[in-house]
Amino acid sequence: MIDKELLDILACPVCKTEIRLEQEKIVCAKCGRRYPIRDDIPVMLVEEAELKEEAPKEEAG
Ligand SMILES: [Zn+2]
């Protein structure tokens, strides 16, 4: 398990905003990126994050 105190000091590296623990992932409340947890250590790396599913963008014009 991840310490609650650790969660409190963690922040999304993209938004610098708070994150929450969701199942086995750390989820950013703002951008929705999901960061993995490996060996009970949150991997707060943008390259490791999964982006939340987004609606496909329509190309303008
Ligand atoms: Zn974020």
(message) Let me confirm something: among 18, 50, which residue is surrounded by 13 or more Cβ atoms within 10 Å (Cβ to Cβ), modelled with pLDDT of 90 or more and among the acidic types (Asp, Glu)?
(response) 18
(request) Name the single residue, out of those in segment 33-43 being more than 10 Å from the ligand (Cβ to nearest atom) and in a loop (DSSP other than H, G, I, E, B), that is farthest from the chain's Cα centre (by Cα). (result) 39
(request) Specify which of the listed residues (16, 52, 57, 30) is outside any helix (DSSP H, G or I) and in contact with a Ser or Thr (Cβ under 9 Å, 6 or more places away or on another chain). (result) 30
(request) Could you list, in sequence order, all residues of segment 1-13 that are in a helix (DSSP H, G or I), more than 15 Å from the ligand (Cβ to nearest atom) and either within 11 Å of the chain's Cα centre (by Cα) or among the hydrophobic types (A, V, I, L, M, F, W, C) (or both)? (result) 6, 9
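The values are calculated or read from the model by the stated rules, or taken from the named source; none is laboratory data. Here the structure is a predicted model, which is why all the values come from computation and not from measurement. All Cβ positions, even for glycine, are placed from backbone atoms using ideal geometry, and neighbour counts span all protein chains on display.
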